[in-house]
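Engineer: Before I ask anything, let me first share the structure, which is written out below as structure tokens.
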Amino acid sequence: MTTKRDYYDVLGVSAQASEEDIRKAFRAKAMEYHPDRNKASDASERFKEVNEAYQVLSDPERRQQYDRFGHAGVRNGAGQGAGGFEGFDIFGGFGDIFDAFFGSGTASRTRPRQGEDVRVNVSVTFEEAAFGVQREVEINRTEQCPSCKGTRAEPGTQPETCTNCNGSGRVRRAQRSVFGQFVTEAACNVCGGEGRRITTPCTDCRGAGYKRAKQRIEVSIPAGVYHGALLELRGQGHAGMFGGPPGSLLVGVQVQSHGWFKRRENSADVLLDLNVTFPGAALGIEMEVPTLDGMDKIKVPAGIQSGEVLRMRGKGIPHLGREGRRGDQLVTVRVQTPDKLSKEQKKLLEELQRSFEKK
């Protein structure tokens, strides 16, 4: 035989707790143990216990009887009417109480709900990310059944109003005890809380109202997009429920690395390393370098040091969402020191070295 826990201990309040304290405690405990949120094996039993305690302590008369006689004083009222849970299921008794406080139980199951999002990843080259590109992606999503248009009923037939709840989706149960009559409300066990019944289910979707379908969708990758960006296409996700809007298609962009170019974080500037010979760095030189627009010339000033940066304005990546504006290309000079010299080159460098020593 299992001994019932003290109702005040179940809710974690004192015997002197106010009605508001009891209500707040119940909200916290109900959220913690609601089986839709808590997947522990004893969550359902704990939720029943919390609900039973609240049904007693939230009622002034039953609370007074409990304070005087303990569980024996409310056995009929709380044990059968509100705490017995006979015939309740996870979307009935549990959902009703939870919905009353949090708006997410059985009563909300037939309210319009937005569909879930669908996510895909798209790989693009460095240049495609810079200037934008069109990509076609294939997704697998739920869509409204084309035959029944989401009604779940076979075309030519109509859902019928549930006679058990008269279309309300809720039923009230009145029970009598030694302490009087009390009423509980729960989702209709005939229509599942929808207020209507499908007597002839759609043969195409088997009464689900939705079907899985593959779709190919054209996605515009905007110019200037960066690696890791998440693009949202509203209305291209899974279909909504009970008339709710569809979710979104989320496109994750993955930019491939480039052989020459790098991007300065997520800015519009392009980075490029340029190898320059020692004489070229000392005397100055004009060189051809790659850019996103093709080869272009750059002047390396005389006396430049390794690691200095030259700026090529307007040769970078277009600014995302700012048409007509581009970043710069930042060229980092790398002065090369030769590791192998011919006799003539070595002789010339020795003469150069001696000329520096004379100064």
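Engineer: Could you compute how fast the range 125-228 diffuses translationally, taking Rh as the Kirkwood radius over C-alpha pairs and applying Stokes-Einstein at 25 °C with viscosity 0.890 mPa s? Give it in µm² per second.
Structural biologist: Here the translational diffusion coefficient equals 136 µm²/s.
Engineer: Report, in listed order, any pair from K262/K297; K29/K149; K315/K346; K39/K149 with a Cα-Cα distance greater than 30 Å.
Structural biologist: K29/K149; K315/K346; K39/K149
Engineer: Between D273 and R234, what is the label-point separation in nm under the 7 Å Cα-to-beta-carbon projection?
Structural biologist: 4.6
Engineer: How big is the chain by the Kirkwood estimate over distinct Cα pairs, in Å?
Structural biologist: By the Kirkwood definition, the hydrodynamic radius is 27.8 Å.
Engineer: Rolling a 1.4 angstrom probe over the protein chains, ignoring ligands and nucleic acids, what is the accessible area of M241 in square angstrom, nearest 10?
Structural biologist: Answer for M241: close to 70 Å² accessible.
Engineer: Sticking with this structure for a sec: So if I average 1/r over every pair of distinct C-alpha atoms in the range 278-321 and take the inverse, what Kirkwood radius in Å does that give?
Structural biologist: Mean inverse Cα-Cα distance, inverted, gives 11.9 Å.
Engineer: Follow-up. Would you pull out the residues with amide H under 5 Å of G193's amide H, same chain only if 5 or more places away, H placed 1.01 Å from N?
Structural biologist: Sorted by chain and number, the residues that satisfy this are C188.
Engineer: With springs connecting C-alpha atoms under 10 Å apart, model the chain as a Gaussian network and identify which of A229, A30, A174 has the largest mean-square fluctuation.
Structural biologist: Among A229, A30, A174, the largest mean-square fluctuation in the Gaussian network model of the chain belongs to A174.
Engineer: Let me ask something else about it. Can you give me the Cα centroid spacing of the range 1-73 and the range 188-212 in angstrom?
Structural biologist: 36
Engineer: When the solvent-accessible surface of protein heavy atoms is calculated with a 1.4 angstrom probe, in what order do H71, H227 fall, highest first?
Structural biologist: H227, H71
Engineer: Suppose all protein chains stay in the model; what accessible area per residue would a 1.4 Å probe give for the chain, in Å²?
Structural biologist: 60
Engineer: Answer with one residue from T163, C145, H227: the one whose Cα lies farthest towards the positive end of the charge dipole of the range 113-263, charges on Cβ with Lys, Arg +1 and Asp, Glu -1.
Structural biologist: Sorting the options by dipole projection puts first T163.
Engineer: Now for a separate question. Given +1 on the Cβ of Lys and Arg, -1 on the Cβ of Asp and Glu, and no further charges, what dipole in debye does the chain carry about its Cα centre, rounded to the nearest 20?
Structural biologist: So the magnitude is around 280 debye.
Engineer: Accessible area of the range 1-65 with a 1.4 Å probe: how many percent of it is carbon plus sulfur?
Structural biologist: Taking all protein chains in place, the range 1-65 shows 43 percent carbon and sulfur surface.
Engineer: Put +1 on the Cβ of each Lys and Arg and -1 on the Cβ of each Asp and Glu in the chain; which of G244, V124, M295 then has its Cα farthest toward the positive end of the dipole?
Structural biologist: In the chain, that residue is M295.
Engineer: Taking the chain as a Gaussian network, Cα atoms linked when under 10 Å apart, which of L341, L330, L250 shows the biggest mean-square fluctuation?
Structural biologist: Most flexible of the set in this elastic network: L341.
Engineer: Quick query: amide H of R334 versus all other amide H atoms, modeled in the peptide plane; which residues come in under 5 Å with a sequence gap of 5 or more or a different chain?
Structural biologist: When sequence neighbours closer than 5 places are left aside, the close amide H contacts are L274, N275, V276, G307.
Engineer: Take the Cα of L349, step 7 Å along the line toward its Cβ, and report every residue of the range 264-278 whose backbone nitrogen sits under 12 Å from that point.
Structural biologist: From the range 264-278, the list is 278.
Engineer: Just the number, please: carbon plus sulfur as a percent of the accessible area of the range 266-354, 1.4 Å probe, no ligands or DNA/RNA counted.
Structural biologist: Summing carbon and sulfur atoms, their accessible area is 49 percent of the total for the range 266-354.
Engineer: Taking every pair of Cα atoms in the range 1-77, average 1/r, invert it to obtain the Kirkwood radius, and report Rg/Rh to two decimals.
Structural biologist: Rg/Rh: 0.97.
Engineer: How many nm separate the modelled label positions at E288 and A208, each set 7 Å beyond the Cα in the direction of the Cβ?
Structural biologist: The two pseudo-label positions are separated by 6.0 nm.
Engineer: With point charges of +1 on the Cβ of Lys and Arg and -1 on the Cβ of Asp and Glu, referenced to the Cα centre of the range 106-263, which listed residue (V253, A186, Q215) lies farthest in the positive direction of the dipole?
Structural biologist: A186
Engineer: Considering amide H positions built from the backbone, and no H for Pro or chain starts, which residues 5 or more places from R325, or on another chain, come under 5 Å of its amide H?
Structural biologist: H319
Engineer: Specify the residue with the greatest mean-square fluctuation among E232, E286, E194, computed from a Gaussian network of the chain linking alpha-carbon atoms under 10 Å apart.
Structural biologist: It is E286.
Engineer: Can you list, bin by bin at 10 Å, the percent of alpha carbon pairs in the range 247-293, starting at 0?
Structural biologist: 19, 34, 26, 12, 5, 3, 0
Engineer: What's the whole-number percent of alpha carbon pairs in the range 179-317 lying beyond 24 angstrom?
Structural biologist: 63
The values are calculated or read from the model by the stated rules, or taken from the named source; none is laboratory data. This one's a predicted model, so the numbers in the text were calculated from it and none came from an experiment. All Cβ positions, even for glycine, are placed from backbone atoms using ideal geometry, and neighbour counts span all protein chains on display. Accessible surface is based on the protein model in full, side chains and every heavy atom, while ligands, DNA and RNA are left aside. Shrake-Rupley method; radii C 1.70, N 1.55, O 1.52, S 1.80 Å.
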